[in-house]
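The values are calculated or read from the model by the stated rules, or taken from the named source; none is laboratory data. Predicted model, so just to flag it, every value in this text is computed and none were measured. Note that each Cβ is placed from the backbone with ideal geometry, even for glycine, and that neighbours are counted across all protein chains shown. What goes into the accessible areas is simple: the full protein's heavy atoms, side chains included, and nothing from ligands, DNA or RNA. Shrake-Rupley method; radii C 1.70, N 1.55, O 1.52, S 1.80 Å.
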Amino acid sequence: MIWAIAGLVYAGAYAALVSAFVGSPHLRLVIGNIAVLLPPIAPLFVILRNRRRWTGRHAVFWAAIATWSVLWLTGQIGWAVDEVIRDLRSPWFTWHLVVQLSGSAVPLIALVAWPHRRRAVDTAATAAIDIAVLIFLSGFLYWSLIVAPGTEPEHSRMALRLLAIIAPLVRILAILGFGLAALDAGKNAWADVYKRLALGMVLGLGGLIGWAVVASQGNFHTGTPGDIGSMLPFWFAAWAASAAPSSPVESRSAGTWAVRHSSPVLLFVGILIVPLVGYSLRYLMPAGAHVDRLRDLATAAALVCGTGLIMIRLRVEQRGVERANQGVRLLATACEQAGELIVILRQNRIEYANDAFCRACGYTREDVELLTPSALLGADSIAQVPTLTESLRAQRTVRATASIARKDGSTFQAACVVTPLVNGAGQITHIVAVVRDTTEEVRLREHLVRSERMSAIGEFVSGVAHELNNPLQSLIGTLELMLSEAHTPEVKVDLERAQTEAWRAGRIVRNLLTFIRRSPNERLLTGLNEIVQSTVGVRVYELEMAGIEVRMDLTSNLPLVLANREEIQQVVLNLVVNAQQAMSEANGRGVLSIRTFVDGDAAVLEVCDDGPGIPAELVGRIFEPFFTTGSTGAGAGLGLSLSFGIAKAHAGTLSLTPSASGACFRLSLPGAGFPGPAPILPIPPIH
């Protein structure tokens, strides 16, 4: 604000000073020329001091405003030399008039940079060339329309009248240009810059019109209040530059989409005007053979220079396009080679999907282009769309977890990062989604959680087992001492029954310890087929009575395993009993499928039933101790947890595998490298 106040005070002091010396024409002429030279220095000083704050088109705009000051100051120095030193009254139609008039058009031309719009840095060079070409063409037009005709006495008055019309008209156009730019900028800080520049020109418009009227009569001389019309715009330009916003740091990673270069149509129109004006004036305003030859020469020079500048501009733009194309090719290659799934959306359709995405979802590129973005989401993620859309409209990057649908109807969990791409006008043009398949990550996390849970429960079970083992040993020892004495047959039977139950309780304790640590029991080479046959043979009667049909498919080349026979038999028995209970409770009958096969070096057993299966929400808990899916009283829920511990102690695995119906458990034990015997013949059914 200080610069605007200084300008108003300066203009008032100047008007008072030249009015005070109205009786001393020469002194007033000197004072006027000195005073008129000072205002252009103000914006030059401010712009040079703040030049590091601006980059790109902002720097081009303020460089154009500085050019305005330099051109006007240069022309005014030439005018002052002619008027004061050479004592030429109103030295019109000289080189410095062309320079001054070209400078007066620069504020309007500077709007070509359109600095309030968010444009990429690489478009600043073309904007600078555009402004340079337009300044050059304006100089040619001023020389052709005003200076060249004015050199002939019979056309000088007409040239001055034309000058009196063009000078205020250019000022009015500049005011309108800054006003429209302020409206377009809206709440942008650049709106205030345009308003300050326009205000200075409005305040000086009256003085400029007065200057034009006097100039049209050929009576103008420096040192009149009309000079204020050329002073005030410079002071207000200094005010605008001092408060102008700094240029933001250009960053493509912020989701800004670079706009294309501005069209050179304006330059082509300007070049087209050159021959129309230059050659037509020979007939509309003939000024003698000498001047006409100068016009022809100037027209040809303007055409050559203007065309050359346009070619330079096009080459600069072409190089920018080549760099952009190289960047696009690099990014496209990176997207295709990336392991992440990348999708680009535009106006509710899929514009691009990389190969990783197509492979993960099972689509071809042609299929993807026909899909809508919502078709890629699973049913459980559709509800997230409104919230996602609202965040994207606010130009925020969204991170979310969603279910992605494949072509075959299946889904997978994914972590998504969705970013809007914004053009120079602040509008969202594209949306980029980077998707990462988290299926394996979720599986590993669930496995880790289950392992940690079972480890904690194992510590608890270990303590309980040790606490039970001590009294059991005392009880077994006491029963053995009592049995060594003479008792009646009835008492002896009761003692033997108690001893059997105590031994049974001891075996349960040993099984609990097996769940939490490697079994110390002796392990021998044994055939898995034989264990399966003998175990099923023990349960064949119960299965027959329950209406369960047993179907066994045992491979003949199954390798031997190094295992504790009793423990593996317990695992098989637990799996068979669980399957029998599930089918009996659900259907009252069923089919039990048992098969063995080789997987690499491992011997694998699968026990499958056609019962109700295990709900998806309970899959992660089935190997927990004391957890059961059966009815109340059907079991304590230790069977699968103990079996899991036995398999782990044998360096094997026990897992639930997907199946079309029912439940299917897979026991995998490492082979010992020796071929096992042929499978035993199927057990005949019991009648």
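With +1 on the Cβ of every Lys and Arg and -1 on the Cβ of every Asp and Glu, and nothing else charged, how large is the dipole of the chain about its Cα centre, in debye rounded to the nearest 20?
3780 debye
Dividing the alpha-carbon radius of gyration of the range 340-423 by 2.2 N^0.38 Å (N being the number of residues), what value is obtained? List each step's numbers first, then the result.
On the way: Rg = 12.4 Å, N = 84, 2.2 N^0.38 = 11.8 Å.
Dividing the Cα Rg of the range 340-423 by 2.2 N^0.38 Å gives 1.04.
Over all directions, what mean area does the Cα convex hull of the range 427-500 project, stated in square nanometres?
Mean orientational projected area (the range 427-500, Cα hull): 9.6 nm².
Once both labels are modelled 7 Å past Cα along the beta-carbon direction, what's the MET311-GLU369 spacing in nm?
About 4.0 nm separates the two model spin labels.
Less than 18 Å apart at the alpha-carbon level, and either on another chain or at least 8 residues along: which lysines does that give for LYS492?
none
Identify the trypsin sites (Lys or Arg not before Pro) of the range 1-76 meeting these criteria: DSSP loop state and at most 13 other C-beta atoms within 10 Å of the C-beta.
Qualifying residues, ordered by number: none.
Which cross-chain or sequence-distant (5 or more) residues have an amide H under 5 Å from the amide H of GLY378, H modelled 1.01 Å from N in plane?
Here SER403, ILE404, ALA405 satisfy the definition.
Starting at the first residue of the range 475-490, write each ³J(HN,Hα) from the Karplus equation 6.51 cos²θ - 1.76 cosθ + 1.60 with θ = phi - 60°, in whole Hz, x for Gly and Pro.
Each residue of the range 475-490 in turn: 5, 5, x, 5, 5, 5, 5, 5, 5, 6, 8, 7, 9, 5, x, 5 Hz.
For SER655, what accessible surface area do you get with a 1.4 Å probe? Give it in Å², rounded to 10.
The accessible area comes out at roughly 40 Å².
Report, in deg cm²/dmol and to the nearest 500, the calculated mean residue ellipticity at 222 nm for the chain, where each DSSP H run with n ≥ 4 adds -39500 (n - 2.57) and the sum is divided by the residue count.
Taken over the chain, the calculation gives -19500 deg cm²/dmol.
Tell me the net charge near SER556. Cut-off is 15 Å between Cβ atoms, SER556 excluded, with +1 for each Lys or Arg and -1 for each Asp or Glu.
Details: positive: ARG595; negative: GLU530, ASP553.
Every neighbour counted, the sum reads -1.
No partner Cβ under 4.7 angstrom, meaning no disulfide-compatible partner by this rule: which Cys of the chain qualify?
Those would be CYS305, CYS335, CYS358, CYS361, CYS416, since no other cysteine Cβ in the chain comes under 4.7 Å of theirs.
If I stretch the segment between LEU169 and GLU544 completely, what's the gain in nm (0.36 nm per residue apart, minus their alpha carbon distance), one decimal?
Length gained between LEU169 and GLU544: 124.1 nm.
How much length is gained if the chain between HIS221 and ARG621 is pulled fully straight, taking 0.36 nm per residue apart and subtracting their Cα-Cα distance, in nm to one decimal?
134.0 nm is the gain from fully extending HIS221 to ARG621.
What is the calculated FRET efficiency for HIS487 to GLU585, with r their C-beta to C-beta distance and R₀ = 45 Å, to the nearest 0.05? Don't skip to the answer; put the middle values down first.
Working: r = 44 Å, r/R0 = 0.98.
The value I calculate is 0.55.
Percentage of Cα-Cα pair distances in the range 340-498 greater than 25 Å, rounded to whole percent?
Summing the P(r) of the range 340-498 above 25 Å gives 55 percent of all pairs.
Taking amide H positions as placed in the peptide plane 1.01 Å from N, state which residues far from ILE350 in sequence (5 or more) or on other chains have amide H under 5 Å from it.
LEU371
Using only the heavy atoms of the protein chains and a 1.4 Å probe, how would VAL491, VAL274 rank by accessible area, largest first?
Correct descending sequence by accessible area is VAL491, VAL274.
Would you be so kind as to identify which of THR387, VAL18, GLY639 lies farthest towards the positive end of the dipole of the chain, taking Lys and Arg as +1 and Asp and Glu as -1 on Cβ and the Cα centre as origin?
My answer, from the dipole projection, is VAL18.
Quick check on the range 1-105: take the gyration tensor over C-alpha atoms, sort the square-rooted eigenvalues as a ≥ b ≥ c, and tell me if it's rounded (a/c under 1.5), prolate or oblate.
oblate
Find the all-direction average of the projected area of the Cα convex hull for the range 64-120, expressing the result in square nanometres with one decimal place.
Details: hull surface 17.2 nm².
Mean shadow area of the hull around the Cα atoms is 4.3 nm².
Scan the chain and report its longest stretch carrying no GluC sites (Glu not before Pro) that are both in a DSSP loop and have at most 11 other Cβ atoms within 10 Å.
1-484
So what is the orientation-averaged projected area of the range 575-624, using the convex hull of its C-alpha atoms, in nm²?
Averaged projected area of the range 575-624's Cα convex hull equals 4.4 nm².
Report which label in [x] 32.7; [y] 48.9; [z] 31.1 holds the value of mean projected area of the Cα convex hull in nm² derived from the coordinates of this structure.
This structure yields the entry labelled [y].
Considering the alpha-carbon set of the range 109-219 alone, what are its Rg and its Dmax in angstrom?
Gyration radius and largest Cα-Cα distance of the range 109-219: 17.2, 53 Å.
Ordered by residue, what ³J(HN,Hα) values in Hz, to whole numbers, does the range 305-310 give under the Karplus form 6.51 cos²θ - 1.76 cosθ + 1.60, where θ = phi - 60° and Gly and Pro are x?
Ordered by residue, 3J(HN,Hα) equals 5, x, 5, x, 5, 5 Hz.
Which value, in Å², gives the accessible area per residue of the range 320-386 when a 1.4 Å probe is used on the protein heavy atoms?
Numbers: 4150 Å² over 67 residues.
Heavy-atom SASA per residue in the range 320-386 reads 62 Å².
Work out, step by step, the length gained on full extension between ALA189 and GLU446: first 0.36 nm times the residue separation, then minus their alpha carbon distance; give nm to one decimal.
Numbers: separation 257, 0.36 × 257 = 92.52 nm, distance 5.32 nm.
This chain segment gains 87.2 nm when fully extended.
Roughly how many Å² of PHE412 are accessible to a 1.4 Å probe, to the nearest 10?
Answer for PHE412: close to 10 Å² accessible.
Amide H to amide H, which residues 5 or more places from VAL591 or on other chains are under 5 Å from it, using H placed in the peptide plane?
For VAL591, the qualifying residues are GLU549, ASP610.
Within the range 311-382, list the trypsin sites (Lys or Arg not before Pro) lying in a DSSP loop whose Cβ has at most 14 other Cβ atoms in a 10 Å radius.
ARG346, ARG349
Kindly list the residues of the range 358-378 that lie in the label zone of ILE428, defined by a backbone N under 18 Å from the point 7 Å along the Cα-to-C-beta vector.
372-377, by backbone N distance to the label point.
Could you give me the ³J(HN,Hα) list for the range 50-64, computed from phi with Karplus coefficients 6.51, -1.76, 1.60 and θ = phi - 60°, whole Hz, x at Gly and Pro?
With the stated coefficients, the range 50-64 comes to 9, 4, 6, 7, 10, 9, x, 5, 4, 5, 5, 4, 6, 5, 5 Hz.
Rounded to the nearest percent, how much of the accessible area of the range 79-154 (1.4 Å probe, protein heavy atoms only) is carbon and sulfur?
66 percent
Go through MET583, MET311, MET482 and list them by solvent-accessible area, largest first, probe radius 1.4 Å.
Heavy-atom accessible area, descending, gives MET311, MET482, MET583.
At a Cα cut-off below 22 Å, give the lysines reachable from LYS187, other chains included and same-chain residues fewer than 8 away excluded.
LYS195
Can you tell me the convex hull volume per residue for the range 375-441, based on C-alpha atoms, in Å³ to the nearest whole number?
Each residue corresponds to 85 Å³ of Cα convex hull volume.
Sorting CYS608, CYS361 by accessible area (1.4 Å probe), largest first, what list results?
CYS608, CYS361
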